[in-house]
Amino acid sequence: MIDILFGPLKEIWEFPAFFAEVVIGGLLSGVMYSLVALGFVLIFKASGVFNFAQGAMVLCAALTFVGFEELGAPFWLALILTLGVMLLMALAIERLVLRPLVNQAPIILFMATIGVTFFIDGLFQTIWGSDVKRLDVGIPKDPIEFAGVQVNSFDIVAALIAGALVAGLAFFFQSTRIGRALRAVADDHQAAQSVGIPLQTIWVIVWAVAGLVALVAGTMWGSKLGVQFSLALIALKALPVLILGGFTSIPGAIVGGLIIGMGEKVAEVYWAPGIGGGIEDWFAYILALVFLMFRPQGLFGEKIIERV
Amino acid sequence: MLYRESGQFKSDYAADQAIFPIRQDRIGMAAILFAAFVVVPLIADHYFLSTILIPFLIFALAAIGLNILTGYCGQLSLGTGGFMACGAFAAYKLATAFPELNIVFVFLLSGGVAAAVGVVFGVPSLRIKGFYLAVATLAAQFFLIWLFTKLPWFTNYSSSGVISAPPRSVFGFYVTGIEATAEAKYIFCLTLVAVLALVAKNLVRGRIGRAWMAIRDMDIAAEIIGIRPLRTKLLAFAVSSFYCGVAGALWAFIYTSSVEALAFDINRSFQILFMIIIGGLGSILGSFLGAAFIVLLPIFLNVVPTSLGVPLSTATIAHFEYMIFGALIVFFLIVEPHGLARLWQLAKEKLRLWPFPH
């Protein structure tokens with residue numbers, strides 16, 4: 001027992017370079033989790049809806065993109081067409097599902113988005129088929145070496161793209177008119193409406209942006225793992241990230257993703273062999289669960305105040 | 001004209017508070033039970049019993065379990081599959097460790113084990129709620145399935161990771177194992193489910209159920225009027241997991257006879273969540289209706305297009321199932337959040353007033 005718990009520590013001490021490699025690999029895959037989590041945060045911030053369908057949206061984006069490419073569309077056309085599809089989907093969800101459910105309990109909205117998840121999973125697989133597809137967006141995948149540490153160049157490019165996306169979003173939220181309106185809506189629907197901010201337009205914009213983030217996440221994950229149904233399950237990985245980071249915080253999604261990605265890799269490499277392996281499925285959840293016991297609102301989340 | 005309560009007078013509180021205060025309901029219930037216990041085993045064939053009715057009963061039991069937690073107490077759980085697996089593996093360990101223990105007690109004890117595990121994972125529910133808790137229950141789901149897959153102790157070190165039900169008998173009839181007939185399994189299952197459903201119905205009608213509903217409707221207000229939130233929520237987790245655990249044990253022992261942990265993966269949890277949304281949140285009857293719906297829809301999708309001359313491939317059927325379930329969930333949440341059970345209730349209200357609706 002003691003050996004299982006503390007043995008790996010000795011190993012880390014003895015081979016620091018390998019440890020660094022594991023940590024960096026974990027951080028880089030954490031960036032990918034953050035990408036998915038971002039889509040959740042965006043929608044939650046602006047409408048208070050916890051959109052379980054984000055994972056399905058990631059899958060759909062990747063499937064549609066590959067589908068268009070297979071039909072012979074060049075890269076940019078496929079990208080624009082996919083963006084159009086995501087936009088339409090966002091509009092449809094907003095109009096058909098969320099608007100009739102305004103003022104319902106958050107838990108009802110959450111269950112509704114589970115329904116949406118199943119619906120679009122089924123729909124898009126009916127349209128595009130359910131076999132594994134290869135997606136290549138031309139990002140090199142060779143390992144490169146930094147000071148004795150092996151890193152996959154694909155992960156670095158993905159991290160850069162994610163970074164650019166986050167910077168763009170941060171700029172959009174902080175410095176543009178729409179961004180300001182968005183934050184106002186997030187704070188208080190009614191107050192925002194009473195100063196003349198069009199609620200519906202804002203929601204459409206948010207869902208469209210979430211669609212865009214899903215597209216980026218989908219292409220990244222898709223070219224890493226191949227486009228297949230299991231992509232939708234990545235949403236399940238993003239949930240503990242959100243819990244750790246707080247549902248309303250973009251930096252929280254990033255930091256949460258990094259912590260989960262790193263913790264998961266380190267635990268998997270060092271501690272999992274002692275207890276049977278394959279702990280990636282639940283490690284993030286247990287980590288998030290333990291964390292919740294001490295800080296229910298997450299790292300960067302707003303404190304939850306409740307009144308009768 | 002038939003469904004009218006005029007002329008039925010009650011002279012004591014006990015009669016007024018009975019489960020079925022209206023005579024027609026009592027007669028209807030007796031007729032249903034008679035049909036289920038006597039008529040069905042006589043006329044139904046092996047296929048109908050073992051691939052439709054038995055899974056329906058087991059699903060209904062699991063749905064009652066989830067409904068107690070989610071529908072009555074308002075704690076959304078996505079860990080149903082994990083708790084079912086708990087029951088299944090606990091039943092296997094108990095049945096193999098104590099061969100002379102009656103199988104009924106094995107099932108009830110394994111429900112107890114699942115309840116204990118449910119309480120452990122319910123502890124965070126005091127501090128977190130809503131979808132935070134849903135994510136926490138996902139932790140239970142993934143962790144438990146992993147545990148049962150990875151630790152060979154749970155499968156008595158079998159190489160395939162599969163547990164198979166040892167043959168056990170009740171009153172001289174085999175109800176598990178290969179010698180058990182479909183009729184015996186069905187009657188055993190039905191008895192257990194009927195008794196447990198009755199217990200659940202009475203539980204949610206009484207003080208405990210009311211405390212759960214108060215927590216569901218507004219937990220802080222409930223706390224102020226003197227309902228202890230942690231105790232109430234943990235009790236809901238315990239009772240819910242007990243039902244799910246028994247359902248899991250029945251699934252492993254009666255329905256499939258041999259099962260691996262992956263049969264209780266996350267999709268099973270979603271399936272049961274769908275049952276209670278479609279059937280009706282906060283309704284015991286709804287658990288049965290939802291289970292029937294979810295069991296019958298795939299069969300319907302398999303049979304109807306083929307008989308119309310457009311056979312669909314298995315993959316297409318699976319995708320259609322997804323789409324139909326998803327669309328129905330959204331539809332029911334928007335149009336009738338109380339599900340099929342509410343529709344049935346409305347029909348009864350209409351019948352009571354018919355033909356003078358005002």
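Any residue that is of a type in the set (D, E, K, R) and out of contact with any Gly (no Cβ under 9 Å at 6 or more places or on another chain) - is there at least one of those in segment A:216-231?
Yes, segment A:216-231 contains at least one residue that is of a type in the set (D, E, K, R) and out of contact with any Gly (no Cβ under 9 Å at 6 or more places or on another chain).
Every residue in segment B:1-36 that is in contact with a Lys or Arg (Cβ under 7 Å, 6 or more places away or on another chain) and among the polar types (S, T, N, Q), please.
Selection gives B:Q8 alone.
To keep it simple, each residue is scored yes or no on (1) within 12 Å of chain B (Cβ to nearest Cβ); (2) out of contact with any Leu (no Cβ under 7 Å at 6 or more places or on another chain); (3) in contact (Cβ under 8 Å) with a residue 12 or more places away in the chain.
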{"site": "A:V97", "(1), (2), (3)": "yes, yes, yes"}
{"site": "A:I120", "(1), (2), (3)": "yes, yes, yes"}
{"site": "A:I127", "(1), (2), (3)": "yes, yes, yes"}
{"site": "A:D131", "(1), (2), (3)": "yes, yes, yes"}
{"site": "A:D136", "(1), (2), (3)": "no, yes, yes"}
{"site": "A:I144", "(1), (2), (3)": "no, yes, yes"}
{"site": "A:L160", "(1), (2), (3)": "no, yes, no"}
{"site": "A:A164", "(1), (2), (3)": "no, yes, no"}
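Applying the selection to segment A:60-95, what residues are in contact (Cβ under 8 Å) with a residue 24 or more places away in the chain and within 12 Å of chain B (Cβ to nearest Cβ)?
The answer is A:I93, and nothing else.
Among the residues of segment B:146-173, which ones are within 14 Å of chain A (Cβ to nearest Cβ) and in a loop (DSSP other than H, G, I, E, B)?
B:L151, B:Y157, B:G161
How about segment B:300-335: which of its residues are in a helix (DSSP H, G or I), more than 18 Å from A:D121 (Cβ to Cβ) and more than 21 Å from the chain's Cα centre (by Cα)?
Residues satisfying the conditions are B:F300, B:N302, B:V303, B:V304, B:P305, B:T306, B:S307, B:I334, B:V335.
Would you say B:L296 is surrounded by fewer than 20 Cβ atoms within 10 Å (Cβ to Cβ), under 23 Å from B:F332 (Cα atoms) and touching a helix residue (DSSP H, G or I) at 6+ places or on another chain (Cβ under 9 Å)?
It is true that B:L296 is surrounded by fewer than 20 Cβ atoms within 10 Å (Cβ to Cβ), under 23 Å from B:F332 (Cα atoms) and touching a helix residue (DSSP H, G or I) at 6+ places or on another chain (Cβ under 9 Å).
Could you figure out which of (1) more than 8 Å from chain A (Cβ to nearest Cβ); (2) of a type outside the set (D, E); (3) surrounded by 13 or more Cβ atoms within 10 Å (Cβ to Cβ) isn't true of B:P311?
It fails just one condition, (3).
Do the conditions hold for B:A214, that is, is it surrounded by fewer than 23 Cβ atoms within 10 Å (Cβ to Cβ), within 22 Å of B:L126 (Cβ to Cβ) and touching a residue at least 12 places away in the same chain (Cβ under 8 Å)?
In short, yes.
Among residues belonging to segment A:268-285 that are touching a residue at least 24 places away in the same chain (Cβ under 8 Å) and buried (at least 18 other Cβ atoms within 10 Å of the Cβ), point out the one that is farthest from the other protein chains (Cβ to nearest Cβ).
Applying the filter and picking the extreme gives A:V269.
What residue, of A:G256, A:G218, A:G196, A:G246, is within 12 Å of the chain's Cα centre (by Cα), farther than 24 Å from A:L87 by Cα and of a type outside the set (A, V, I, L, M, F, W, C)?
On inspection, the qualifying residue turns out to be A:G256.
On the given criteria, is A:G246 farther than 29 Å from A:L91 by Cβ and modelled with pLDDT under 85?
no
Please pick out the residue among B:S11, B:S77 that is in contact with a Leu (Cβ under 7 Å, 6 or more places away or on another chain) and in a loop (DSSP other than H, G, I, E, B).
Selected residue: B:S77, the only one of B:S11, B:S77 that is in contact with a Leu (Cβ under 7 Å, 6 or more places away or on another chain) and in a loop (DSSP other than H, G, I, E, B).
When the residues of segment B:117-145 are filtered to those that are without any contact (Cβ under 8 Å) to a residue 60 or more places away in the chain and part of a helix (DSSP H, G or I), which remaining residue is nearest to A:A235 (Cα to Cα)?
B:V135
The values are calculated or read from the model by the stated rules, or taken from the named source; none is laboratory data. Keep in mind that what you see is a predicted model, and the values were worked out from it rather than measured. Glycine gets a Cβ as well: all are built from the backbone with ideal geometry, and neighbour counts include every protein chain shown.
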